[in-house]
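K.L.:
Right, I'll just put the structure down here and ask away after.
None of the figures in this text is laboratory data; all of them are computed from the coordinates on show. The structure presented is a predicted model; accordingly, all values stated were derived computationally and were not measured. For neighbour counting, all protein chains shown are included, and Cβ atoms are generated from backbone atoms with ideal geometry for every residue, glycine included.
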Number of protein chains: 2
Amino acid sequence: MAIPLSADYASMLDAQDRLAHFRERFVVPDPELIYMDGNSLGRLPKATQTYARELIETQWGTRLIRGWNEGWFTAPERIGAKIARLIGAQPDEVIVADSTSVNLFKLVVAALRAQRGRTRLVTDDLNFPSDLYVLQGAIELLEKGHRLDIISSPDGIHGPAAEIQASLDEQVALLTLSHTVFKSGYLYDMAELTRAAHSVGSLVLWDLSHSVGAVPVDLNAAQVDLAIGCTYKYLNGGPGAPAFLYIRRELQERLGNPISGWMGQRDLFNFALDYKPAMGLRQFLTGTPPILSLSLIEPGVDVLLEAGLDALRAKSEQQSEYLIQLWEAVLKPEGFVLNSPRDVRKRGSHISLGHQEGLRIDMALINDMQVLPDFRAPDNIRLGLAPLYTSFSDIHTTVTRLHQVVADKLYEQYPHEVPIVT
Amino acid sequence: MAIPLSADYASMLDAQDRLAHFRERFVVPDPELIYMDGNSLGRLPKATQTYARELIETQWGTRLIRGWNEGWFTAPERIGAKIARLIGAQPDEVIVADSTSVNLFKLVVAALRAQRGRTRLVTDDLNFPSDLYVLQGAIELLEKGHRLDIISSPDGIHGPAAEIQASLDEQVALLTLSHTVFKSGYLYDMAELTRAAHSVGSLVLWDLSHSVGAVPVDLNAAQVDLAIGCTYKYLNGGPGAPAFLYIRRELQERLGNPISGWMGQRDLFNFALDYKPAMGLRQFLTGTPPILSLSLIEPGVDVLLEAGLDALRAKSEQQSEYLIQLWEAVLKPEGFVLNSPRDVRKRGSHISLGHQEGLRIDMALINDMQVLPDFRAPDNIRLGLAPLYTSFSDIHTTVTRLHQVVADKLYEQYPHEVPIVT
């Protein structure tokens, strides 16, 4: 299954790409810069740039407090309903609020309180560390003798799906996993794991942060109970944009938000002294949402809906296969190892390449080679494929420059320290 | 102490106002519209409008992921340190994060866990309802038999300071109050109540949302333990902009954030599986902050620092006295009652006027009279005085139009329903 290695071949793939024109929907101020980090922070959509002026100058500057009645107040549900279409959920099952970690806290605490008598939480060691920290904090807070079982991946790349299934029993309150794993890009079989958890009476919570917008997700089909996800990666919502949460409709009345605030109050402008939760998902709001960051999620979601998730996934699969084939031919001989699943059905839309000089290679790539990947300790250069704007030529150039950095030892001028963020 | 009632007199006061020129720092697109709701949503600073373009188009659009190392990552502390100067705190005692309600949850839970054995929480019925909801939720979650004592105001206007002091005993874990009360504008004596709480070993948490930027606050002088506050009122941070929290330096190591997330992790990019809190206040961060809403707080804070809180308070006092004198002469005869303290030392920077037709008057004012106040059930028209841009003429015009709405019964065309937000 060898592919031609030339740049011309990459250009030909771009010419055949029916989604290629979506790149024009994004601000690309420096065409020389290859951006391979859309899985960490998505690019700025042109529609967002335009909408930002209207939002700040007209909605805030001119309409002032009236903005609340003219779209701000309902933005959490309105944008949530659009995200629902990307993840196979009903419009009233998704709402935008707070950060991914705060939403996880709310849902985990709610789930554990609804599952009294069950003491186990199950996850894996590939889960995003913030999720593990939130679980640890929630358990410590509840003081009910919960135990967090972190199942180890056999190889640090593939999720321990079989081991998780073997570990499930009637004591499990909640199984929670990242659908697409942040480091390796491993993609869990959502339906299979959800079914297994349900068979012992456990609830299931999926973190969709590295899936939403790049991998088709069907929460309803898999009968998923709970989900969270972030909007600043493939949804292109802007740095740190608020996160979303999903609760299966039938569960919504059974769960209560532990961080009960006025935005989740029924009839909030009555200013009653006692908390009475709003109907449906709105009770999972807490404080006043950051309207600028929240509103600017919407144009990016609209672009995704227009392109369609199935077409995006097809392109993403083609691109990650292409990247892996180039790795095999060009980078593997230079000491790069593939730290992502080889099977396309088992990976999301980013690829990790390990190298013993990974960190220094990453720094050379950023500073000298006009390529922006990201880096995940200890040695992973993580390459994000954002099918809305990543081109095959981007991938080809990235591989060529990675090769050059190693072949010419361009990394040797860099220290062995870790920068704060890469 | 009668004052002249003419518009000319208001113009003369404006001519004498040494802060008047600060109004030019704000976007005022419609000079005919009188904005009396800066205590709910502050106006858009021109510097923010400019900075928004740089933030979105350059920092996000061009610098992309590199933005994290170029100011985003440290924004919570950087902006927190500036807010610290407005509230008499040290630079490392304030950080910006999440919403006011989420911050309250974090601090209340942390305080109750540090105060084991004490079961009482004391507050009043003038506190912002969201604060009460958070307290209720935290108590229910901890299941330690805590009791929330909501001390009643004698008249719905003045805080029950004496009753609170009488109620304090060795069982009190935490006293928490709004420094300036959202409905009446009553202003607590922070030092006195803090001293009283400390004398029985209680911690104290002040909600500064309606004070910060309008009322001088000296947390250090009063030896306050904990505080929270919002940035979208007098700080002009933008709708729903993230909130701040304060923890007295000596307490920082004793308290733990119950919503432990990666932004509060020591060495977060090591991606360790176990949570290990960061040093100092950074552990009270949780998830990735909404950078656009967060960053846009800063220019507004800079304007406040330039104007100076003492000068702003002096103007605010002069303006609220002026408004009350106009009320007495013009509005009281039409059935308006003063629902704010008459003593200037006991009120913040907004004035509530009650009227049995309050809601309909509010609607007429907004829809027909080009005045934007806000409304707080059941009958309060709340008039915010934002000394950076509210003019004496604004106040005069507001009173004149309020009078006209009632004298000419212009409110009669409106229904008796409550709109979602006013």
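K.L.:
Over all alpha-carbon pairs in the range A:70-198, figure out the percentage whose distance exceeds 25 Å.
P.N.:
Result: 31 percent of Cα pairs exceed 25 Å.
K.L.:
Please list, ordered by chain and number, the residues whose modelled amide H lies under 5 Å from the amide H of residue B:204; skip anything fewer than 5 residues away on the same chain.
P.N.:
B:175, B:225, B:226
K.L.:
Ok, one more. Kindly work out what percent of the DSSP beta bridges joining two residues of the protein assembly as shown are antiparallel, to the nearest 5.
P.N.:
Among the beta bridges of the protein assembly as shown, antiparallel pairing accounts for roughly 55 percent.
K.L.:
Kirkwood hydrodynamic radius of the range A:174-314 from all distinct Cα pairs, in Å?
P.N.:
After inverting the mean inverse Cα-Cα distance, the result is 16.7 Å.
K.L.:
Per 20 Å bin, what percent of the C-alpha pairs of the protein assembly as shown does each bin hold, from zero upward?
P.N.:
Going from the shortest bin to the longest, the percentages are 16, 47, 30, 8, 0.
K.L.:
Next question. Sticking with the crude label model, points 7 Å out along Cα→Cβ, report the distance from residue A:18 to residue B:310 in nm, one decimal please.
P.N.:
So the two model labels end up 7.1 nm from each other.
K.L.:
Further question on the same structure: Cα centroid distance between the range B:215-274 and the range A:265-312, in Å?
P.N.:
First find each Cα centre; the distance between them is then 24 Å.
K.L.:
Determine the shielding of peptide B:67-77 by partner chains: average, over its residues, the number of Cβ atoms on other chains within 10 angstrom of each Cβ.
P.N.:
The shielding value for this peptide is 2.
K.L.:
Something else about it: What does the convex hull of the alpha-carbon atoms of the range A:305-373 project to on average, in nm²?
P.N.:
If you wrap the Cα atoms of the range A:305-373 in a convex hull and average its projections, you get 5.6 nm².
K.L.:
Out of all DSSP beta bridges with both ends in chain A, state the antiparallel percent to the nearest 5.
P.N.:
For chain A, the DSSP antiparallel bridge percentage is about 55.
K.L.:
Between the range B:39-73 and the range B:156-214, how far is it from one alpha carbon centroid to the other, in angstrom?
P.N.:
Each part's Cα centre sits 36 Å from the other's.
K.L.:
Sequence gap at least 6, Cα distance under 8 Å: using those rules, report the relative contact order of the range A:49-305 to the nearest whole percent.
P.N.:
22
K.L.:
I would also like to ask the following. Going by average Cβ neighbours within 10 Å, how do the peptides A:77-85, A:158-166 rank, with the highest at the top?
P.N.:
Result, highest mean first: A:77-85, A:158-166.
K.L.:
Let me ask something additional. Need one number: convex hull volume per residue for chain B, Cα atoms only, in Å³.
P.N.:
145
K.L.:
Hey, what's the per residue convex hull volume over the C-alpha atoms of the range A:176-217, in cubic angstrom?
P.N.:
So the per-residue hull volume is 62 Å³.
K.L.:
Further, regarding this structure: With label points built 7 Å along Cα→Cβ from the Cα atoms of residue B:266 and residue A:417, find their separation and express it in nm.
P.N.:
1.9
K.L.:
So, R0 is 51 Å and r is the distance between the beta-carbons of residue B:66 and residue B:2; what FRET efficiency does that work out to, to 0.05?
P.N.:
Calculated value: 0.25.
K.L.:
Under the 0.36 nm per residue contour assumption, what length would be gained going from the current alpha-carbon distance of residue B:200 and residue B:377 to full extension?
P.N.:
Gain on extension, residue B:200 to residue B:377, equals 60.1 nm.
K.L.:
Right, something else. Within a 10 angstrom radius of each residue's Cβ in A:260-273, how many Cβ atoms of other chains show up on average? Whole number is fine.
P.N.:
Partner-chain Cβ atoms within 10 Å, mean over residues of A:260-273: 6.
K.L.:
Once the label point is placed 7 Å from Cα along Cβ, list for residue A:278 the distances to the corresponding points in the other copies, in nm, shortest first.
P.N.:
Listed shortest first, these distances are 3.0 nm.
K.L.:
Modelling each spin label as a point 7 Å along the Cα-to-Cβ direction, I'd like the residue B:332/residue A:251 distance in nm, to one decimal.
P.N.:
Those two pseudo-labels are separated by 6.0 nm.
K.L.:
When the Debye formula is applied to the Cα atoms of the range B:293-420, each taken as the same point scatterer, what base-10 log of I(q)/I(0) results at q = 0.17, 0.21 Å⁻¹?
P.N.:
For the range B:293-420, the Cα-only Debye profile gives -0.89, -1.18.
K.L.:
What number, rounded to the nearest 500 deg cm²/dmol, is the helix-based mean residue ellipticity at 222 nm of chain A, given -39500 (n - 2.57) per DSSP H run of at least four residues and division by all its residues?
P.N.:
Here the helix-only value at 222 nm equals -10000 deg cm²/dmol.
K.L.:
Once you have the Kirkwood Rh of the range B:42-142 from its Cα pairs, apply Stokes-Einstein at 4 °C and 1.567 mPa s and quote D in µm²/s.
P.N.:
Estimated via Stokes-Einstein, D reaches 77 µm²/s.
K.L.:
Take the Cα coordinates of the range A:1-54, assign each an equal point scatterer, and use the Debye formula without solvent to give log10 I(q)/I(0) at q = 0.20, 0.26 Å⁻¹.
P.N.:
-0.93, -1.17
K.L.:
Counting other Cβ atoms within 10 Å of each Cβ, which trypsin sites (Lys or Arg not before Pro) in the range B:320-412 have at most 13 and sit in a DSSP loop?
P.N.:
Answer in residue order: B:342, B:409.
K.L.:
Can you list which of the trypsin sites (Lys or Arg not before Pro) found in the range B:16-57 are DSSP loop residues with at most 11 other C-beta atoms within 10 Å?
P.N.:
B:18
K.L.:
Something else: Shielding by partners for B:50-58, please: the mean number of other protein chain Cβ atoms within 10 Å of each residue's Cβ.
P.N.:
Mean partner-chain Cβ count within 10 Å for B:50-58: 4.
K.L.:
So which lysines can residue A:82 reach, going by Cα to Cα under 21 Å and dropping same-chain residues fewer than 8 places off?
P.N.:
Output for residue A:82: A:46, A:233.
K.L.:
From the phi angles alone, apply the Karplus equation (6.51, -1.76, 1.60; θ = phi - 60°) to the range A:176-190 and give each ³J(HN,Hα) in whole Hz, x where the residue is Gly or Pro.
P.N.:
9, 9, 7, 4, 9, 6, 5, 8, 8, x, 4, 10, 6, 7, 4
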